[in-house]
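Notes follow once the structure below has been shown.
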């Protein structure tokens, strides 16, 4: 292990990885690769008070899409054909993390030039909307924390842009 690597691992912050390309936060305000899934929240195109909680599991490419009040998405055909919300989520993930990183995470085999969907062999996944939406709300709650230089223990993992001196 190099000295630089060892010093990096001792820090309580990590560098922020810039998005691969800009993405529309109004359409997909939350996207992450976590808990063995590509998961996130996608805004409804027809109702400002509705969002869809969508996910694709790594490995088996299980699809799940439900509203914020836990109703199944009408566009998810039999659970194995992607709805527009899942497509928007995947597009946002590719913009945020890059096609290759998302494909590696989902364990999708892609040929050069293929889009992400070409490497997915989709199935139906269990509903994980409650977990994903709770994570989104937890992230939103930090926007309401008063600015302070005092450490927040639950955010110790969060990447810091600059150290407070």
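Which order do 149, 122 fall in if you start with the one that has the fewest other Cβ atoms within 10 Å?
Details: 149 6, 122 19.
Final ranking by Cβ density, sparse to dense: 149, 122.
Return 116, 143 ranked ascending by Cβ neighbour count within 10 Å, so the fewest neighbours appear first.
Details: 116 20, 143 6.
Fewest-to-most ranking of 116, 143: 143, 116.
Once the Cα atoms of the range 26-133 are picked out, what are the Rg and Dmax in Å?
My reading of the Cα-based Rg and Dmax gives 12.6, 39 Å.
Throughout, read-outs are computed from the coordinates displayed, never taken from laboratory work. Because the structure is predicted, anything quoted here is derived from the model rather than measured. Reconstructed Cβ throughout: ideal geometry from the backbone, glycine too, with neighbour counts over all protein chains shown.
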